[in-house]
Amino acid sequence: MGYKVVVVGATGNVGREMLNILAEREFPVDEIAVLASRKSLGTEVSFGDKTLKTQDLATFDFTGWDMALFAVGSGPTKEFAPKAAAAGCVVIDNSSLYRYDPDVPLIVPEVNADAVHGYSKKNIIANPNCSTAQMVVALKPLHDRAKIKRVVVSTYQSVSGSGKEGMDELWEQTKSVYNPVSEVPPKKYPKEIAFNVIPHIDVFMEDGSTKEEWKMVAETKKIVDPSIKLTATCVRVPVFVGHSEAINIEFEDFLDEDEARDILREAPGIMVVDKREDGGYITPKECVGDFATFISRIRQDPTIENGLNLWCVSDNLRKGAALNAVQIAEVLGQKVLKKG
Ligand SMILES: NC(=O)c1ccc[n+]([C@@H]2O[C@H](COP(=O)([O-])OP(=O)(O)OC[C@H]3O[C@@H](n4cnc5c(N)ncnc54)[C@H](OP(=O)(O)O)[C@@H]3O)[C@@H](O)[C@H]2O)c1
């Protein structure tokens, strides 16, 4: 016996990827419903070798469904996730709405799978921000060995992280540079994204940081350890898929770069590609469509007592969203619902 699964936001970047991953990982699905806004009613989406027709979220009855993987923005999530949860369907949410709610577990299965048992307070589980998810997969095994004191991270985030509209804007602006028949002014982003980088993701906070940077701090504390200090600079780059991060870590205990490499090689969800030669590292293009979080450029930071630098790359639509959500569904199935 398998699960009755709903995918909410099935026409979007993350929703489509969730359907691909449910099929690829042979998640035990008995029945599946795909939902989006009214304007997408009847739109066809693929699930393995099947084609499914999209239904309207606003009129869908969640009664009798086991779990709903939400990938719509915070607005529709606020309206419909509590309805699904009240109908007895466990919500796994990709938006930021519930991530900081103490009654909602925030889960990266490689790091804190046991937190799943906290789902029952609201019948909701939150999926972290894309840049946090890939980073904590790398931080956790190193933290277990040498206790992290402080992290300094700079991100290089792809446009798919801001949905279909972000990808369209990069595509249209890039074309208009080569064929300038009409201008494509910035709409989704505050400045032109083609052939540019923008040090601004989400809204500004009072202290001058951005909400994306704040999310990395708050989510790392909730998922890994509240004692970790973290400072981030989040940057949007003209890459379609795949987020990269330059991470500097200060530990309480000394950790040799070779030992760190061995620890990361053994860690779940990680693939180490780290040769000190031309091309001996991973770039975002190479991680697209993969499940792993890739780690390269592992090296000692000689400017502090116990420091390491590394480069971390992952498919943001997968580990940063859809894959992590499906992994949470697997953990929920194995540890709680116990059907499949
Ligand atoms: N992209 C990432 O890397 C990433 C990472 C982590 C979390 N997330 C989060 O995941 C969510 C989805 O992101 P995305 O990148 O997939 O966005 P997207 O490509 O823009 O897709 C948005 C989806 O939401 C649906 N939707 C929007 N308003 C709706 C409404 N009122 N009722 C029902 N459905 C509605 C859209 O349906 P229509 O096609 O019918 O409009 C579409 O299926 C967001 O909360 C985002 O913050 C994304």
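The values are calculated or read from the model by the stated rules, or taken from the named source; none is laboratory data. All values derive from a computational prediction rather than experimental measurement. Backbone-built Cβ (ideal geometry, glycine too); neighbour counts: all protein chains shown. When the accessible area is computed, the model is the full protein with side chains, heavy atoms only, and any ligands, DNA or RNA have been set aside. Shrake-Rupley method; radii C 1.70, N 1.55, O 1.52, S 1.80 Å.
Taken together, the residues in segment 98-122 that are surrounded by fewer than 19 Cβ atoms within 10 Å (Cβ to Cβ), outside any helix (DSSP H, G or I) and either among the hydrophobic types (A, V, I, L, M, F, W, C) or more than 17 Å from the chain's Cα centre (by Cα) (or both) amount to 3. Would you call P76 away from the ligand (no atom under 12 Å from the Cβ) and part of a helix (DSSP H, G or I)? No. Within segment 79-99, being of a type in the set (K, R) and away from the ligand (no atom under 11 Å from the Cβ) holds for one residue alone: K83. Scanning segment 118-158 for residues that are touching a strand residue (DSSP E or B) at 6+ places or on another chain (Cβ under 7 Å), of a type in the set (A, V, I, L, M) and more than 14 Å from A246 (Cα to Cα) yields I124, I125, A126, V137, L142, A146, I148. Annotation: of all residues in segment 142-195 being open to solvent by 80 Å² or more (accessible area, probe 1.4 Å), in contact (Cβ under 8 Å) with a residue 40 or more places away in the chain and under 21 Å from the mean Cα position of the chain (by Cα), the one that is nearest to G307 (Cα to Cα) is Y156. Being in a strand (DSSP E or B), surrounded by fewer than 14 Cβ atoms within 10 Å (Cβ to Cβ) and not aromatic (F, W, Y) holds for only one residue in T51, T63, and it is T51. Of the residues making up segment 293-319, those that are out of contact with any Asp or Glu (no Cβ under 9 Å at 6 or more places or on another chain) and open to solvent by 10 Å² or more (accessible area, probe 1.4 Å) are P302, T303. Taken over segment 232-274, the criterion of being assigned to a strand (DSSP E or B), open to solvent by 20 Å² or more (accessible area, probe 1.4 Å), within 30 Å of Q173 (Cα to Cα) and of a type in the set (A, V, I, L, M, F, W, C) is satisfied by V235, A246.
Taking segment 196-231, which residues are part of a strand (DSSP E or B), free of Cβ contacts under 8 Å to residues at least 40 places away in the same chain and surrounded by fewer than 17 Cβ atoms within 10 Å (Cβ to Cβ)? Residue satisfying the conditions is F204 alone.
Residues in segment 3-48 that are more than 23 Å from the chain's Cα centre (by Cα), away from the ligand (no atom under 13 Å from the Cβ) and surrounded by fewer than 15 Cβ atoms within 10 Å (Cβ to Cβ): D30, E31.
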